Structures are given as C-alpha cells and as structure tokens.
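**Student:** Take this structure, written in structure tokens, and hold onto it; I'll ask about it next.
The values are calculated or read from the model by the stated rules, or taken from the named source; none is laboratory data. Computed from a predicted structure; not experimentally measured. For neighbour counting, all protein chains shown are included, and Cβ atoms are generated from backbone atoms with ideal geometry for every residue, glycine included. Protein only, heavy atoms only, side chains kept; ligands, DNA and RNA dropped before computing areas. Shrake-Rupley method; radii C 1.70, N 1.55, O 1.52, S 1.80 Å.
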Amino acid sequence: MPKKGNVAVITGASSGMGREFAIQIAQNYPSIQEFWIIARRKDRLEQLQQKLLGRKVKILQLDLSCQKDIDELEQTLERKKPRVRILVNAAGFGIIGKIGKMQQKDCTGMVDLNCRALTAVTHIVLPYMTGKGQIIQMASSAAFMPQPGFAVYAASKSYVLCFSRALGRELKGKGITVTAVCPGPVKTEFFDIAETYEAVKLYKKLTMAKADRVVHQALVDAKNGRSVSVYGPLMKGFRLLAKFLPVDFLMMFVK
C-alpha cells in the first residue's frame with residue numbers, strides 16, 4: 001500500500017478540545033506534514049487552517065452522527081491511503097439533565113456520537129496507522145463512576161475509557177499507543193449544549209480547567225505511552241476516590 005507523509009486525523013476540530021489538539025500538534029510535532037480536520041462547521045475549519053503553521057490541510061465537512069458521512073470518510077481513506085501518525089477522536093457532546101426530562105433524541109444522540117462514531121472512526125482509520133502511532137480518545141472524568149443528572153454522558157465516556165484501554169492492549173505489539181483523556185470540566189463551548197435543560201453545578205464551574213493545559217498534558221501522556229491521561233490533582237484525586245469508595249456512597253454527592 002503506497003503511503004504519503006505523516007498525517008494527523010482530528011475529529012471535532014471546529015472548536016474546543018479538537019481545535020486545541022490540532023493547534024498544539026502543529027506546534028509540537030514537526031513530523032506531521034498534513035492535517036485532516038473533521039467537523040460539521042466548514043467556516044470554523046477554515047479558520048483553524050490558518051493556525052496550522054502552513055501545513056497541508058484537508059478539510060472534511062462531515063457530521064459523524066450520520067453513517068453516510070462516516071462512509072464518506074472511509075472512502076476518502078481508501079482513495080488517498082494516508083500514513084496516519086496521530087488520530088484524535090474529539091467529536092462528542094454531553095447534556096446535563098435527568099433522563100425523564102430529556103428528549104429521546106438527545107439521549108441516543110450522545111451514545112451515537114460519543115460511542116458509535118468514535119468506534120467507527122477508530123476502526124476505519126486503524127489500517128492506515130503506522131508503528132509509533134498514537135490514538136487519543138476524548139473520554140472524561142465522568143467515566144470514573146455513574147453520575148445522576150449526567151447519566152448518559154457519563155456512561156458513554158465509560159465506554160470510551162474501557163474501549164480505549166482494551167484497544168491499547170490489542171495494539172501493543174504493533175507499536176500503536178491508545179490514550180483515553182479524562183479531564184474534569186474544561187472551559188470550552190461544550191457547556192453551550194450541555195446546559196440545554198439544566199445549568200452546570202457551581203462546583204463544576206469553579207473547578208474548570210483550561211483547554212490548552214489539558215491538551216498539553218494529554219500529548220505528553222500520549223508520547224509516554226500512558227493509557228489514561230488525567231489533568232490536575234483534583235481529578236486525579238477523584239479517580240482514586242472512585243476506585244476505592246462505594247459507588248452508591250459517591251453518587252449521593254453528585255446527584
């Protein structure tokens with residue numbers, strides 16, 4: 001299979017964490033010669049293109065919640081046969097609210113994009129990845145335990161965490177690492193959608209991290225082959241509590 005220069009494929013690149021990953025990879029990975037940036041908003045992708053330090057950029061205006069757009073990405077991969085060095089799956093969303101008060105499409109939409117689309121993109125990109133490749137999957141600290149009032153999102157991110165760690169084990173012999181990024185609340189446009197039904201809790205607003213710092217830590221952890229990246233002492237502490245304290249006890253404090 002003919003290969004081209006090293007490529008970074010980034011979903012959810014129009015804003016938030018995906019956009020920040022693209023910018024920092026351009027700054028810190030001189031071996032990446034081309035970026036494939038994927039999102040629904042073409043104008044945002046064109047703005048991002050200007051920040052990628054003159055690298056070759058392929059803009060893919062796709063809605064990964066639609067199977068036909070995933071099929072289009074697969075066909076583009078088959079046609080171009082890129083040499084993918086980094087895959088960042090950052091497309092996803094969450095909505096705060098109790099299941100009974102949310103629309104069904106919002107509940108299933110989170111599962112569809114956060115789980116199904118992430119799995120599909122990983123599967124179709126994997127054959128084009130090289131040794132020493134990196135797969136970075138956006139999970140969340142919400143993955144560490146069930147969260148009443150954020151139930152579907154937390155469950156979807158638990159899937160991402162579990163899937164990523166198992167995939168990393170499967171790929172260990174091929175030299176491809178998989179890192180699940182599990183931050184707490186991050187200051188991005190995520191909460192514009194998240195607060196559709198209910199406002200984010202005050203303690204989460206007070207503990208929000210900056211996207212650039214979370215991404216920097218994630219890239220360091222990915223370079224070092226770590227399976228999970230958790231930014232900051234607060235979320236690292238939360239991860240430990242979720243490991244050792246009874247779930248029913250912890251849920252009393254997050255409902």
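**Student:** Given the criterion of a type in the set (A, V, I, L, M) and more than 24 Å from Val186 (Cβ to Cβ), identify the matching residue among Ile86, Ile10, Ile70, Ile32.
**Tutor:** Exactly one residue qualifies, and that residue is Ile70.
**Student:** Can you tell me which residue in region 15-27 is most open to solvent (accessible area, probe 1.4 Å), limited to those that are at pLDDT 95 or above and polar (S, T, N, Q)?
**Tutor:** Result: Gln27.
**Student:** Out of everything in region 66-104 that is at pLDDT below 95 and of a type in the set (Lys, Arg), what residue ends up being nearest to Ala154 (Cα to Cα)?
**Tutor:** Going through the qualifying residues, I end up with Lys98.
**Student:** Also, quick follow-up: I'd like to check something: does region 121-135 contain any residue that is assigned to a loop (DSSP other than H, G, I, E, B), on the phi < 0 side of the Ramachandran plot, under 18 Å from the mean Cα position of the chain (by Cα) and in contact (Cβ under 8 Å) with a residue 12 or more places away in the chain?
**Tutor:** Looking for residues that are assigned to a loop (DSSP other than H, G, I, E, B), on the phi < 0 side of the Ramachandran plot, under 18 Å from the mean Cα position of the chain (by Cα) and in contact (Cβ under 8 Å) with a residue 12 or more places away in the chain, one finds none in region 121-135, hence no.
**Student:** Filter region 77-99 for residues that are open to solvent by less than 10 Å² (accessible area, probe 1.4 Å) and outside any strand (DSSP E or B) and give the result.
**Tutor:** Answer for region 77-99, where residues must be open to solvent by less than 10 Å² (accessible area, probe 1.4 Å) and outside any strand (DSSP E or B): Leu77, Pro82, Gly94, Ile95, Gly97.
**Student:** Surrounded by fewer than 23 Cβ atoms within 10 Å (Cβ to Cβ), touching a residue at least 12 places away in the same chain (Cβ under 8 Å) and more than 17 Å from Asp221 (Cβ to Cβ): does that describe Gly184?
**Tutor:** Against the criterion (surrounded by fewer than 23 Cβ atoms within 10 Å (Cβ to Cβ), touching a residue at least 12 places away in the same chain (Cβ under 8 Å) and more than 17 Å from Asp221 (Cβ to Cβ)), Gly184 does not qualify.
**Student:** Determine whether region 53-66 contains at least one residue that is outside any strand (DSSP E or B), in contact with a Pro (Cβ under 7 Å, 6 or more places away or on another chain), open to solvent by 50 Å² or more (accessible area, probe 1.4 Å) and under 26 Å from Lys223 (Cα atoms).
**Tutor:** no
**Student:** Could you list, in sequence order, all residues of region 233-255 that are within 16 Å of Thr207 (Cα to Cα), open to solvent by less than 60 Å² (accessible area, probe 1.4 Å) and part of a helix (DSSP H, G or I)?
**Tutor:** Those that are within 16 Å of Thr207 (Cα to Cα), open to solvent by less than 60 Å² (accessible area, probe 1.4 Å) and part of a helix (DSSP H, G or I): Met235, Gly237, Phe238.
**Student:** Being charged (D, E, K, R), farther than 18 Å from Ile25 by Cα and modelled with pLDDT under 95 is the filter here; which residues of region 129-173 pass it?
**Tutor:** Correct list: Lys172 only.
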